[in-house]
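Heads up: the structure comes next, in structure tokens.
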Amino acid sequence: MTAGTRPPGPLIHSFFADHLITVKGLRPASVRSYRDTIRLLLCFAASDKKTKITRLSLEDLSFGRVLRFLRYLEDDRGNHAQTRNQRLAVLHTLFDYIASREPDMLGVCQQVAAIPAKRAAPAETRFLERDEVEALFRHLPRTGRLALRDRALLLFLYNTGARVQETADLRAGNLDLGDHPVARLHGKGGKWRTCPLWRQTATLLTELLAPPAADVPVFRSATGQPLTRSGICKIVRRQAGHLDDTRTSRRVSPHIFRHTAAVHLLEAGVEVNVIRGWLGHADLTTTNRYAEISTKAKIEALRNTEPPGTSAASRPHPIWKSDETLLNWLSSL
């Protein structure tokens with residue numbers, strides 16, 4: 001059976017079941033992102049050809065139709081360039097898989113693979129200042145049936161910079177709340193990473209989970225069910241929504257706490273590569289953007305590079321400018 005007569009259904013099914021889930025090990029949230037894009041593509045192709053989805057063939061997924069689909073996303077659905085690029089990345093993966101299974105489609109797949117992403121300004125990163133975080137935790141409710149859970153949840157998000165799905169998936173068995181407390185987070189691409197926990201975070205989690213059981217969700221609803229992404233977002237909005245800033249279009253969400261953790265780590269002098277591992281970024285470029293948005297870090301860098309003639313009292317002395325500090329530093333190595 002040629003590509004011109006073969007329906008795309010079986011191939012798309014194996015793309016999800018065999019390739020994305022079994023081979024690539026994508027998590028459910030990532031699989032749903034692929035699903036949404038491919039659903040849009042199939043619906044568009046059927047409408048464009050004026051036929052039913054079940055009557056489409058692989059040949060109907062032509063290069064020209066893919067280009068029209070991308071234009072449809074922007075012109076008809078009003079998608080921004082970033083969303084269009086995300087959808088295109090899904091199509092690149094799909095057509096790469098099709099090329100490995102259907103040699104007749106190789107030419108089309110190569111053309112789709114050559115479609116470039118559009119240049120787009122990255123979304124501006126918003127975060128909370130230190131005084132805002134301190135005020136938030138100072139005024140969180142301390143009494144009530146869910147007060148402990150909400151405080152532990154917000155502190156965990158700020159402490160670890162965990163993604164909302166990582167937080168929803170967290171189980172008591174992923175925590176070590178002993179002398180050196182840590183949390184093991186299951187991140188993108190099925191990768192695990194370890195984040196240290198503050199003693200205050202560990203104390204709240206210990207109290208929240210008493211008595212502990214390895215398979216128990218750490219953050220649960222009032223009925224004892226694991227909190228979903230949506231449930232976590234609602235808690236964050238309820239407890240921290242008053243920190244929204246209309247001037248900068250900042251809307252507080254779980255991801256704002258992730259950005260906040262990264263910026264505050266940077267301002268505390270933590271090396272960027274350590275922050276990359278802390279947040280679970282695959283690419284250091286993603287982490288480097290926090291150095292661009294930290295005004296305090298820039299001010300400190302400016303102060304440390306003031307020209308000669310500036311008051312010595314206002315500048316920190318490099319360790320090599322004093323015998324005592326240099327020898328003390330060498331002893332500490």
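The values are calculated or read from the model by the stated rules, or taken from the named source; none is laboratory data. Here the structure is a predicted model, which means the values were calculated and not measured. Neighbour counts are summed over all protein chains in view; Cβ atoms, including those assigned to glycine, are modelled from backbone coordinates with ideal geometry. Accessible surface areas use protein heavy atoms only, side chains included; no ligands, DNA or RNA. Shrake-Rupley method; radii C 1.70, N 1.55, O 1.52, S 1.80 Å.
Is it the case, given these coordinates, that Leu88 is open to solvent by less than 10 Å² (accessible area, probe 1.4 Å) and either free of Cβ contacts under 8 Å to residues at least 60 places away in the same chain or out of contact with any helix residue (DSSP H, G or I) (no Cβ under 7 Å at 6 or more places or on another chain) (or both)? When the stated conditions are applied, Leu88 passes them.
Those residues that are open to solvent by less than 80 Å² (accessible area, probe 1.4 Å), in a loop (DSSP other than H, G, I, E, B) and either among the hydrophobic types (A, V, I, L, M, F, W, C) or without any contact (Cβ under 8 Å) to a residue 24 or more places away in the chain (or both), I need them from segment 182-199; list them, please. Across segment 182-199, the qualifying residue is only Leu197.
The listed residues are Asp75, Asp96, and the only one of them that is open to solvent by 30 Å² or more (accessible area, probe 1.4 Å), within 30 Å of His186 (Cα to Cα) and modelled with pLDDT of 95 or more turns out to be Asp96.
Given the criterion at pLDDT 95 or above and either among the polar types (S, T, N, Q) or touching a helix residue (DSSP H, G or I) at 6+ places or on another chain (Cβ under 9 Å) (or both), identify the matching residue among Pro28, Pro116.
Of Pro28, Pro116, the one residue that is at pLDDT 95 or above and either among the polar types (S, T, N, Q) or touching a helix residue (DSSP H, G or I) at 6+ places or on another chain (Cβ under 9 Å) (or both) is Pro116.
The residues listed here are Ala222, Ala202, Ala262, Ala214; of these, the one that is modelled with pLDDT under 95, hydrophobic (A, V, I, L, M, F, W, C) and crowded, with 16+ Cβ neighbours inside 10 Å is Ala262. All conditions in (1) over 30 Å from Ala261 (Cβ atoms); (2) within 21 Å of the chain's Cα centre (by Cα); (3) surrounded by fewer than 13 Cβ atoms within 10 Å (Cβ to Cβ) hold for Glu124, with the sole exception of (1).
Restricted to helices (runs of 4 or more DSSP H) entirely inside segment 22-124, those with at least 1 residues that are closer than 21 Å to Pro8 by Cβ and among the charged types (D, E, K, R) are 28-49, 63-75, 81-101. Candidates are the residues of segment 99-117 that are over 28 Å from the mean Cα position of the chain (by Cα) and open to solvent by less than 20 Å² (accessible area, probe 1.4 Å); the one that is farthest from Arg65 (Cα to Cα) is Glu102. Selection of segment 17-71 for residues being more than 22 Å from the chain's Cα centre (by Cα), aromatic (Phe, Trp, Tyr) and buried (at least 17 other Cβ atoms within 10 Å of the Cβ) yields Phe44, Phe69.
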